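Below: one structure, written as structure tokens.
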Amino acid sequence: MKRFLLLLSLPLLIILPSCEKGFEELNKNPFSPTQADVGAVFNTVVDLTRLGWNEQFYMHNEMLYGITQLAALTDASFQNSSIGTEEVWQMYYKSLAHIRTVENRLNELDVEAEALNNALSMLKILTAYKTFRVTDLFGDMPFFEAGRGFEGLEFARPKFDTQEEIYKFLLQELQWANEHINTFPNPETTSGQAYVSLGEFDNLFFGDMMRWKKFANSLRLRHALRMVEKDPNFAQPILTEIIEDELPIIKEGEDVIMSPEQQSWLNESVNWSFREHKKLRMGSNIWHLLSETDEPDGSGIYDPRAYIFFETNNANEWVAYPQLPSSDTPSSGGIPYQQHRDQNFAVKGTSNIFSPFNYYLIRDEKQIPQLILTAAEGHFIKAEIYLRGLGVAADVSQAEASYTLGVVASINMWQNIVSNTQIWVNKQPTLSSGQIFSVVNHPNISIFLNEHKLELIYQQRWLDSFRQPWEAYSLLRRTEMTPHEGELAQHFRFAYPPSESQNNPENWAIQVAKMGEDSEKTKVWWDE
């Protein structure tokens, strides 16, 4: 039977107005009749996984890098995080409206239920990834009624759902996906009916259903571990199933990414967010995990990721900005992120006295990917599970092996990112497997030489999330053991964007009354 997808039509996407619009706008059916098929609309859902410009500027660069101490914020001059939260909120609910519509239209097809398994699984997995990311930033949020405004006015202003309900529902959805994905080429139902396929429109894994299955299980590991302290009876069986049954998860070389080059878009937002913000530098906290000494010539560097994440100052010296600056700390300036460096790379401005982020890491618009989930993270998750005996018998040797594989996978991934980038002209030589082995066995990294094994696992997972500060933020809140100087930041969530109180006032008021206050001081469910 032919793919029903090619016969199905859906409406064209309406470009939704600005953040001031309420849920009645966000929940409108974003399609007009008979214009775009369901596959193209599904690909729009994938496209909406890209990070927003304002999210990166006002949430990542202005706040999360400083909160997690993955970098140092030399001057907190904006503090307008609501500009970023508005963008995250709007993009998520716009995406959710697309997901609801595609799901409805798939379910309306006159086909066997089994024939929808792969297409519905892909939708469920994307929904889970997107929703986990947003609820981890805000906590409770509208979900079950959200994105359904085109189904009726009763959904125009959706109620808030608890993060606990959302988490458990999404983890069950991911389990369904793992159990129902058919990874055979051109699968058919038991009666011989062809599966409905979105593969031709899949700009994430390009029709590779095994990668979708691995992504589902990797998300289950990540988020079951995140909630394990809050509800071990629910979370630990998930960890047990995946580990003991050896369910497939993302492996080295399979990192889940948004690739501008493969998906035909230019990632202009990253460089914009750095050159407009200007205030981020290498902090002393992360520097002391990359280098044995503060020698400005970099002779103390033992971790090759130092050369990927950061670069020297205008005087060609490695100088970290104090994570806890004093009144005597000199001001930091310069122009290390401006695009004049495409022609005059060495010119970073005489006042650029502290090491900035590596220019090419934030300048490349085609080949530097947006990271979603890395193979290294999966190894570090397993290392923690084995070390703590979460759902499986505690096994230090398994924990050590998983940790070591995680460090190797992280170094390899970052080296591959650099090697595949054409504009990166000051690349360090790619390390051989033997050289990477030497790095992993450095006394500051080797888990075999360190008695504080859990702290080391968190350290390396935190380091691997260098370009995923939202993930480092969740790790910080859950464990309170990520690398830091001074006291841990008392920042536990982001306040709901102002438009929510304007456009969904009754439900917003009920939610805030339940929480006590809508601020960064209120913890999300799994962190309480």
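Amide H to amide H under 5 Å from Asp395: which residues, 5+ apart in sequence or cross-chain, H placed 1.01 Å off N in plane?
For Asp395, whose amide H was placed from the backbone, the distant partners under 5 Å are Leu387, Gly389.
Compute the Rg to Rh ratio over region 244-397 from the alpha carbon atoms, using the Kirkwood formula for Rh, and round to two decimal places. Write down the numbers at each step before the final one.
Working: Rg = 19.2 Å, Rh = 18.1 Å.
So for region 244-397, dividing Rg by the Kirkwood Rh gives 1.06.
Fully extended, how many nm does the chain gain between Ala513 and Glu455 (0.36 nm per residue separation, minus their Cα-Cα distance)? Could the numbers behind the result be given before it?
Values: separation 58, 0.36 × 58 = 20.88 nm, distance 3.70 nm.
Full extension from Ala513 to Glu455 adds 17.2 nm.
Positive end of the charge dipole of region 408-502 (Lys, Arg +1 and Asp, Glu -1 on Cβ, about the Cα centre): tell me which of Ser446, Ser432, His484 has its Cα farthest that way.
Among Ser446, Ser432, His484, the one farthest towards the positive end of the dipole of region 408-502 is Ser432.
Just subtract the alpha-carbon distance of Tyr302 and Glu244 from 0.36 nm times their residue separation and send over the number in nm, one decimal.
Numbers: separation 58, 0.36 × 58 = 20.88 nm, distance 3.55 nm.
Extra length available between Tyr302 and Glu244 comes to 17.3 nm.
Tally Lys and Arg at +1 and Asp and Glu at -1 over the other residues with C-beta under 10 Å from the C-beta of Pro158: what net charge comes out? Could you put the intermediate results ahead of the total?
Details: positive: Arg148, Arg157, Lys159; negative: Glu145, Glu154, Asp161.
Local net charge: 0.
With θ taken as phi - 60° and the coefficients 6.51, -1.76 and 1.60, list the Karplus ³J(HN,Hα) couplings across region 266-276 in order, rounded to whole Hz; mark glycine and proline as x.
9, 8, 7, 6, 5, 4, 4, 5, 7, 6, 7
Can you tell me the FRET efficiency between Ser191 and Glu229 if r is taken as the Cβ-Cβ distance and R0 is 56 Å, rounded to the nearest 0.05? Please report the intermediate quantities before stating the final value.
On the way: r = 46 Å, r/R0 = 0.82.
E between Ser191 and Glu229, to the nearest 0.05, is 0.75.
Please list 3J(HN,Hα) in residue order for region 489-506, calculated via the Karplus relation 6.51 cos²θ - 1.76 cosθ + 1.60 where θ = phi - 60°; whole Hz, with x for glycine and proline.
Values, residue by residue: 5, 8, 10, 10, 5, 9, 5, 4, x, x, 4, 5, 5, 8, 9, 9, x, 5 Hz.
If the only charges are +1 at each Lys and Arg Cβ and -1 at each Asp and Glu Cβ, what is the size of the charge dipole of the chain around the Cα centre, to the nearest 20 debye? Before the final figure, lay out the partial values.
Details: 44 positive and 70 negative charges, 134 e Å.
Rounded to the nearest 20 debye, it is 640 debye.
Decide, for region 182-281, between rounded, prolate and oblate: order the square roots of the alpha carbon gyration tensor eigenvalues as a ≥ b ≥ c, take rounded if a/c falls under 1.5, and otherwise choose prolate if a/b is larger than b/c, else oblate.
Details: a/c = 3.05, a/b = 1.21, b/c = 2.53.
Taking the square roots of the gyration eigenvalues as a ≥ b ≥ c, region 182-281 is oblate.
Ala320: net charge of surrounding residues, Cβ under 12 Å, Lys/Arg +1, Asp/Glu -1, itself excluded? Don't skip to the end; give the middle numbers.
Working: positive: Arg281; negative: Asp294, Glu295, Glu317, Glu485.
Taking every Cβ under 12 Å from that of Ala320, the sum is -3.
Please compute the modelled spin-label separation between Glu520 and Glu365, points set 7 Å along Cα→Cβ, answer in nm with one decimal.
3.2
Please list, in order along region 216-222, the HN-Hα scalar couplings obtained from phi with the Karplus expression 6.51 cos²θ - 1.76 cosθ + 1.60 (θ = phi - 60°), rounded to whole Hz, x for Gly and Pro.
4, 5, 5, 5, 4, 4, 4
Taking H as built 1.01 Å from N, whose amide H comes closer than 5 Å to the amide H of Ala194, not counting residues under 5 places away?
Residues meeting the criterion, in which the H sits 1.01 Å from N, are Thr189.
Calculate the FRET efficiency for Asn426 and Ser351 from the Cβ-Cβ distance with a Förster distance of 30 Å, rounded to the nearest 0.05. Can you show the working numbers first?
Working: r = 22 Å, r/R0 = 0.72.
E(calc), rounded to 0.05, equals 0.90.
Given the Cα-Cα distance of Asn444 and Ser501 and 0.36 nm per residue of separation, how much length would full extension add, in nm?
Working: separation 57, 0.36 × 57 = 20.52 nm, distance 4.82 nm.
The span from Asn444 to Ser501 would gain 15.7 nm if fully extended.
Set Lys and Arg Cβ to +1 and Asp and Glu Cβ to -1, take the dipole of the chain about its Cα centre, and tell me which of Leu361, Trp176, Ser465 lies farthest positive.
Sorting the options by dipole projection puts first Leu361.
Mind sorting Leu290, Leu174 by how few other Cβ atoms lie within 10 Å of their own Cβ, fewest first? Working shown, then result.
Working: Leu290 22, Leu174 27.
Exposure proxy ranking, most exposed first: Leu290, Leu174.
Quick one: which residues, 5+ away or cross-chain, put their amide H under 5 Å from the amide H of Phe357? H built at 1.01 Å from N.
Here the answer is Met282, since their amide H atoms fall under 5 Å of that of Phe357.
Helix-only mean residue ellipticity at 222 nm, the chain, DSSP H runs n ≥ 4 weighted -39,500 (n - 2.57), per residue, nearest 500. What is it? Could the numbers behind the result be given before it?
Numbers: 20 runs with 229 residues, N = 528.
That comes out to -13500 deg cm²/dmol.
In terms of the Cα gyration tensor, with a ≥ b ≥ c the square roots of its eigenvalues, is region 173-227 rounded because a/c is under 1.5, prolate because a/b exceeds b/c, or oblate?
Details: a/c = 3.28, a/b = 1.75, b/c = 1.87.
It is oblate, given that a/c is not under 1.5 and a/b is not larger than b/c.
Would you work out which of Val407, Ser519, Ala394 lies farthest towards the positive end of the dipole of the chain, given +1 charges on the beta-carbon of Lys and Arg and -1 on that of Asp and Glu, about the Cα centre?
Val407
Looking at this model, which pairs from Lys124/Lys214; Lys94/Lys124; Lys124/Lys213; Lys214/Lys382; Lys130/Lys453; Lys94/Lys366 are more than 20 angstrom apart at the alpha-carbon?
Numbers: Lys124/Lys214 14 Å; Lys94/Lys124 16 Å; Lys124/Lys213 11 Å; Lys214/Lys382 15 Å; Lys130/Lys453 32 Å; Lys94/Lys366 25 Å.
Listed pairs above 20 Å: Lys130/Lys453; Lys94/Lys366.
Using Cα positions and a limit of under 18 Å, work out the lysines in reach of Lys514, with same-chain residues fewer than 8 apart set aside.
Partners found: Lys159, Lys523.
Each value in this text was obtained by applying a stated rule to the coordinates, not by laboratory testing. Remember, predicted model here, so these are calculated numbers, not experimental data. Positions of Cβ are generated from backbone atoms using ideal geometry, with glycine treated the same way; all protein chains shown enter the neighbour counts.
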